[in-house]
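The values are calculated or read from the model by the stated rules, or taken from the named source; none is laboratory data. Because the structure is predicted, anything quoted here is derived from the model rather than measured. All Cβ positions, glycine included, derive from the backbone under ideal geometry; neighbour counts span all protein chains shown. When the accessible area is computed, the model is the full protein with side chains, heavy atoms only, and any ligands, DNA or RNA have been set aside. Shrake-Rupley method; radii C 1.70, N 1.55, O 1.52, S 1.80 Å.
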Amino acid sequence: MSDLPDSGLARDLSVSAMRLNRRLRLRHSSDRLPVAQLSILTTLLREGPMTTGELAARERIKPPSVSRSSHTLVESGLISRAPHPTDGRQVVLQLTDTGTAAAREEVASREIALAEQLENLTAQERETLAAAAGILTELVEQVD
């Protein structure tokens, strides 16, 4: 354990984030897809078409891992590959209509599960979480 002043807060946030993510994952609506593939689908839904390299950087995983997962997703009809408009060595990954529907279903399932839990909080607790969500988003973007 670190002796930094905020190490306890960091530990508590880390544990809470991991537990929340695990519980939401366990409730995910698409039992047929591994979490890594669902993450690719939801990233493409949120951010739009991108290359394998861009997706790997966004997901913070190695390009070969994205290639393997994207190959499976292409075979499943959830994403497609299109030629890169300016670089013939690359392809652009994009959701198919089926992939868009699957990603939206997953996002909705997680949002519903979390919204059900938020209903149990006071108005002040929800306001606090709303402020914290913005701060957490900023922290996530800064973590290497």
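Modelled with pLDDT of 90 or more, open to solvent by less than 70 Å² (accessible area, probe 1.4 Å) and in contact with a helix residue (DSSP H, G or I) (Cβ under 6 Å, 6 or more places away or on another chain), is that true of G48?
No: the conditions fail for G48.
Name the residue, out of L95, L33, L41, that is under 21 Å from V140 (Cβ atoms) and surrounded by 15 or more Cβ atoms within 10 Å (Cβ to Cβ).
Residue meeting the stated conditions: L41.
So which pairs qualify, if the first residue must be in the stretch 83-96 and polar (S, T, N, Q), the second must be open to solvent by 30 Å² or more (accessible area, probe 1.4 Å) and not in a loop (DSSP other than H, G, I, E, B), the Cβ gap must be under 7 Å, and the two must be at least 6 apart or on different chains?
Q94/S80; T96/S80
Scan A17, A10 and give me the residue that is modelled with pLDDT under 90, among the aliphatic types (A, V, I, L, M) and within 23 Å of R110 (Cβ to Cβ).
The unique qualifying residue is A17.
Using the structure shown, decide if T100 is farther than 21 Å from L78 by Cβ and either among the polar types (S, T, N, Q) or modelled with pLDDT under 90 (or both).
No; evaluated as a whole, the condition is false for this residue.
Out of R110, R126, R89, R104, which single residue is open to solvent by 50 Å² or more (accessible area, probe 1.4 Å) and touching a His at 6+ places or on another chain (Cβ under 8 Å)?
R110
Starting from the stretch 61-73, keep only residues that are open to solvent by 50 Å² or more (accessible area, probe 1.4 Å), then list their pairs with residues that are outside any loop (DSSP other than H, G, I, E, B) and small (G, A, S) whose Cβ atoms are within a distance under 6 Å, requiring at least 6 positions of separation or different chains.
From residues that are open to solvent by 50 Å² or more (accessible area, probe 1.4 Å), the pairs are P63/G53; P63/A56.
Where in the stretch 1-118 are the helices (runs of 4 or more DSSP H), entirely inside, with at least 3 residues that are within 24 Å of L129 (Cβ to Cβ), of a type in the set (G, A, S) and over 16 Å from the mean Cα position of the chain (by Cα)?
Helices (runs of 4 or more DSSP H) meeting the threshold: 7-26.
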